[in-house]
Structure formats: structure tokens, C-alpha cells
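Q: Before I ask anything, here is the structure I am working with.
Every read-out reported here was derived from the displayed coordinates using simple, explicitly stated rules and does not represent laboratory data. Keep in mind the model is a prediction, meaning the values are calculated, not measured. Neighbour counts run over all protein chains shown; Cβ positions are idealised from the backbone, glycine included.
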Amino acid sequence: MLFWVIFFSIMGSIGAILAASVFFILGENIQKKLISALLSFATGTLLTAALIGLIPEAIEMVGEPHLVTIVILGGILFFFFLEKFLIWRNCQNNACEVHAHAPGPLVLIGDAFHNFTDGIVIAAAFLTNFQIGLAASITIIIHEIPQETGDFGILLHDGMTLKKAFLYNILSSTPTIPAAIISYFVLDTFRATVPIFLAISAASFLYIALSDLTPQLHQRTETKEIIKQLILVLLGIVVMAIILIIGGHNH
Amino acid sequence: MIFWVILFSILGSVGAIIIAFFFLSIGKKYQHKLVNCLVSYATGTLLAAASLGMIPTAIQKSGGQVQMVMSFFLGGILFFFILEKLVIWRHCHDETCEVTETATGQIILIGDAFHNFVDGIVIAAAFLLDFFIGITVSISVIAHEIPQEVGDLAILMDKNYSKKKAFIYNTLSGLSTIPAAIISYFVLDLASLSIPYVLAISASSFIYIALSDLTPELHKKVGFKYIIRQVLLIVAGIFTMVLIFVWKSLI
């Protein structure tokens, strides 16, 4: 299983950045289309991986739902405060549009932290079983690609060269890999904590899908775009459901 | 139990509108402050009522059908996502627009009637499952209905409805909570096996409102003062729900 943990933590960090840089080379028009398609698809996979995969698995391991749902609530609050803190850090002097003004270093630190937690999620999920690991990893890769593309845009906007932005972004994403390997061994020793980490991961997936991605999706109001979004959200749900349910996972 | 269902469906509809009307008549400055405070408080109560009460109770009463309950929860999220899309599309498909600014009076009233109808079902399902779940759900409904109705009344008055007319129309559309609650009470009492799943869908509406609608609104306020106030009020909302669960465990 360690092989898969390492493999998917590389895919979820460096792999996502490579995909993001390909997007960047494709030109703005295609890039925008691909990104908005990926955002819809990611919304479906995040929700399904959390609700049908991580949460039921965590509840089954604990044998009782209350502890798991308390941790989920705590996790949602934690991510709420984290986002508040990030907004406050770069907005305290003037009212501002957060993403347009986030300075380069903050983007990189945020990215490093985000990828560090991705590593923990991947390790906890594979320690549960292969299907859950696969579902969590695919979800992470898919939502990392638009995220990294956005980070690229900010770094370039800050005046970095393409090469420098690429190198810095790769560097800030590598924490996924040591985080995944260390958590794999730590969580393997303290197996009883795995459901808690699954619940926190589920909280982060729900928070990202509902508080970050959904309002972004609702900004587009053209009929064609709405239909495209719905199809892609559904596709994300179906892909995850296939991995989780039909992929031989039995309860 | 039908007594409580009727009492709280009256408080959650007509009660909330009367309080909202009162808010509107005390002046813009206090009104904005009170509405902002209530939005934070409601975020806390909605999240806590769903994650600490409705979801674990639904899982337990379903006989441990975790994946089934969570599938209904996911279906609920998807339903509310599509519903919000439809509302946006109905008044935006000809041009890009800020939703609340162009919503017509009629759509506000129809949307409100539908929303309150759903509130009625939620209140009935919650009380049928457990008295204390019923109380937490009712408090959450009232807390998030007040700022909602303040917004609706303000839009109606903006659309040249007189104060009196706006109040009467809004009350009429809000009344749908009461028949919805009474009818669902008797229907669900007969089909009691479905109650955990109805509660799961209700929980998804709470989580959807808290994360996709209220959280982005809260994050728009960036001053340090606002952040502290928001955090305190969210915690107060959660604490209120926790107190009710403690009260339950003492009986």
C-alpha cells in the first residue's frame, strides 16, 4: 500500500502542476474552458468521496456516528477559521477581492500547507482500504489542477518569469510527499486515529465543494454553462460512485 | 407532539416575518448589525443541528444504513444545487446579473413559499424522530428565517410594494410552513421508515445553506472586529445546540 501512497502523492502534487502548466501553454481560451469544466467535475467528486466514501467508512470503523460527526463539525469550523485568517492576513488594511490581491509568498505558503494536508488525507485513505485511497487521491488530483493553475496565474501576475513560477510552485507542492509517507507510518502505528483523520478529510472536501467551488459555479448564469455544469457535477458523482460501490467495496 | 409541530411552524414562519418586520422599522444601522449577527448565529446553529443532531440520529434510526442515509444526503445537496441554479437561471438567462438585484417580487414570493413549505416538512420530520432534534431544528429554522425574511421584505419594498403590502404578501407566502408541517406530520407518521431519509435530506439543506449561502457572505466582511464577532456568534450558535443535547442527556 505504501507504493500507492507515494505514487498518488506524487500525482497529486507534481502531477497536478505538470497538468496545470500544460493548461497554461494551451492558451487562455481553452484553459478557461478546461478549468471551469474541472471545477464542476471536482465538485461532484469531492461531495461523493466525502459522503459515500470517507464518512461511512469512518463511522463503520468507530461503530457509532456521533464521534465522527463531531469531528466533521470541528473540521468545518477549522477550515472556516483558516479561510478567515487567510483573508484577514492580506486584507486587513483595505477592503479587497481576496484572490486578486493575494501576494506571491502567501500563495506559496498556502499552497505548501494545503498540499501537506493532501498528503495526510492520501495516507489515511489508503490505510483504510484501496478503494477509499483511490477515491480520495483522484479527488485531490482533480481539484488540485485548477487550484495550481490559479496559483500560476497569481505568481505570473506578480511579475515572476514562467520558469521561476513553475519551479516555486513545484517546490511548494512537494510537502505532499513527505507528509504522506510520514503519516502513513504514524497512522499505521496509531490505527485508532484513522477514522478521525478520515472525518477531518471529509470536512475539508465538503467545505471546499460547498463554500469555495459552488459559489464560483453559481456565478455563471448562461443556460449552456448551467447544463454543462450539471452534467459534469453528475459525472463526478457517477465516477466516484463507480469507484466506491461497484469497485468491489462491500458492506 | 403535533402541538410542538404546529407551534414551531407558526414561529418559524409568521413569527420570523413579524420579527423581520420589526427589524426593518428600527432603522438601517441597527438592522444591518442585527442581520449580520443573526447570519453568523444561524451558520452555527444550522451546522450543529445537522452534524450533531440530524445526521447521527438519522443513521441510528435507519438501523445503521450509513451509506444509504449519506446517499440521500448527497442527493439532497444535488437537489438544492439544481434548485439554486434554476432560481438563478429564471431571472438571469437573458443577461449576466447580480441575482438579488434583479429578482422580481413574484419570484421572491414563490421562492419564499417553497422554502417555507420545505421548512414545514423538516420541522415535522424532526419532531417525529425525537423531541430534542425537533427543538434544535426549529431554532435553526427561526434563526435563519429572520435574516432571510428581512432580505425578502427589503427587496419587495424596493420593487415599490408598500410596507403594508410587502408585509401581507410575505406573510401569505410564509404561511405555507404550517399546512406543510401538519400534512407531513400525518403522512410521515404512517410512513415512519422513510423519516431517517427525509431527515438526511433536511440535514443536507441545512449544510447547503450554511456553507454555500451564508459562509461566502460572512467571508465578504474582512475587518478584524467583524471576524471576532462572527466567530463568537457561530460558536454561540453551536453552543445553543449543544446545550439542548446536554438537556436531552440529562432527562
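Q: By how many nm would the segment from B:K220 to B:K29 grow when fully extended, if each residue of separation counts as 0.36 nm and the alpha-carbon distance is taken off? All intermediate terms of the calculation are to be shown ahead of the outcome.
A: Numbers: separation 191, 0.36 × 191 = 68.76 nm, distance 1.82 nm.
Value of the extension gain: 66.9 nm.
Q: To the nearest 10 degrees, how steeply does helix A:194-207 sit against the main Cα axis of chain A, on a 0 to 90 scale?
A: Taking Cα atoms only, the helix is inclined about 40 degrees.
Q: Let me ask something else. Among all the lysines, which ones have a C-alpha under 18 Å from B:K33's C-alpha, if same-chain residues fewer than 8 places away are not counted?
A: B:K33 reaches B:K220, B:K221, B:K225.
Q: Would you compute the Debye intensity of chain A from its alpha-carbon atoms alone, equal scatterers and no solvent, and pass along log10 I(q)/I(0) at q = 0.07, 0.12, 0.13 Å⁻¹ to two decimals?
A: -0.23, -0.70, -0.82
Q: Which value in nm describes the separation of the simple spin-label points at B:C37 and A:I170, placed 7 Å from the Cα toward the beta carbon?
A: Output for this residue pair reads 5.5 nm.
Q: Measure nothing fancy, just the Cα-based angle from helix B:105-129's long axis to the longest principal axis of chain B, in degrees from 0 to 90, nearest 10.
A: The two axes meet at around 20 degrees.
Q: In straight Cα distance, which lysines are under 28 Å from B:K61, not counting same-chain residues fewer than 8 positions off?
A: B:K248
Q: Separate question: From the phi angles alone, apply the Karplus equation (6.51, -1.76, 1.60; θ = phi - 60°) to region B:19-30 and give each ³J(HN,Hα) in whole Hz, x where the residue is Gly or Pro.
A: 5, 4, 4, 4, 4, 5, 9, 9, x, 4, 5, 5
Q: Express in % the proportion of alpha carbon pairs of chain B at distances exceeding 30 Å. If you can, show how the numbers build up before the last one.
A: Values: 7838 of 31375 pairs.
The calculated P(r) of chain B puts 25 percent of pairs beyond 30 Å.
Q: Let me ask something additional. Pop out the ³J(HN,Hα) list for region A:32-37 in order, Karplus 6.51 cos²θ - 1.76 cosθ + 1.60 with θ = phi - 60°, rounded to Hz; leave Gly and Pro as x.
A: 4, 5, 4, 5, 5, 5
Q: Could you give the distance between the Cα centres of region A:37-90 and region B:152-225, to the whole Å?
A: 24
Q: Additional query: What spacing in nm lies between the two simple spin-label points modelled at B:L190 and A:L82, each 7 Å away from Cα in the Cβ direction?
A: Taking the simple label geometry, B:L190 and A:L82 are separated by 4.9 nm.
Q: How far apart, in nm, are the 7 Å Cα→Cβ label points at A:I231 and B:T104?
A: The answer from the label model is 3.0 nm.
Q: For region A:182-191, just list the computed ³J(HN,Hα) in residue order, Karplus coefficients 6.51, -1.76 and 1.60, θ = phi - 60°, integers in Hz, with x standing in for Gly and Pro.
A: 4, 5, 4, 6, 5, 5, 5, 6, 10, 4
Q: Per-residue ellipticity at 222 nm for chain B, helices alone: DSSP H runs ≥ 4 residues times -39500 (n - 2.57), over residue total, nearest 500 deg cm²/dmol?
A: The helix-only estimate for chain B comes to -26000 deg cm²/dmol at 222 nm.
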